[in-house]
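S.K.: So that we are looking at the same thing, I have put the structure below in structure tokens.
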Amino acid sequence: RTVNRTNGIAWVGSATVANEDAYLITKTMRALGLTYIDHQARI
């Protein structure tokens, strides 16, 4: 089975991005095949 993944796309946000905007950006990046998403909530 073919899996569409990429490590060649990046998106850099900030703490001022609204939660709804971050959700939409995450969904878009997942649709493009981004495999790793990190955020500042772990700090």
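The values are calculated or read from the model by the stated rules, or taken from the named source; none is laboratory data. The structure displayed is predicted, hence computed values, not measured ones. No Cβ is skipped: glycine too gets one built from the backbone with ideal geometry, and neighbour counts run over all protein chains shown.
S.K.: Pull up the stretch 7-26, narrow it to residues that are modelled with pLDDT of 85 or more and β-branched (V, I, T), then point me to the one that is nearest to the chain's Cα centre (by Cα).
M.R.: Filtering the stretch 7-26 for residues that are modelled with pLDDT of 85 or more and β-branched (V, I, T), the one nearest to the chain's Cα centre (by Cα) comes out as T26.
S.K.: If I go through the stretch 25-37 residue by residue, how many of them are more than 13 Å from N7 (Cα to Cα) and surrounded by 11 or more Cβ atoms within 10 Å (Cβ to Cβ)?
M.R.: 3
S.K.: Can you list residue pairs whose Cβ atoms sit under 7 Å apart, with the first residue in the stretch 7-29 being without any contact (Cβ under 8 Å) to a residue 40 or more places away in the chain and more than 12 Å from H39 (Cβ to Cβ) and the second being polar (S, T, N, Q) and outside any helix (DSSP H, G or I)? Count only pairs 6 or more apart in sequence or on different chains.
M.R.: What qualifies is N7/T35.
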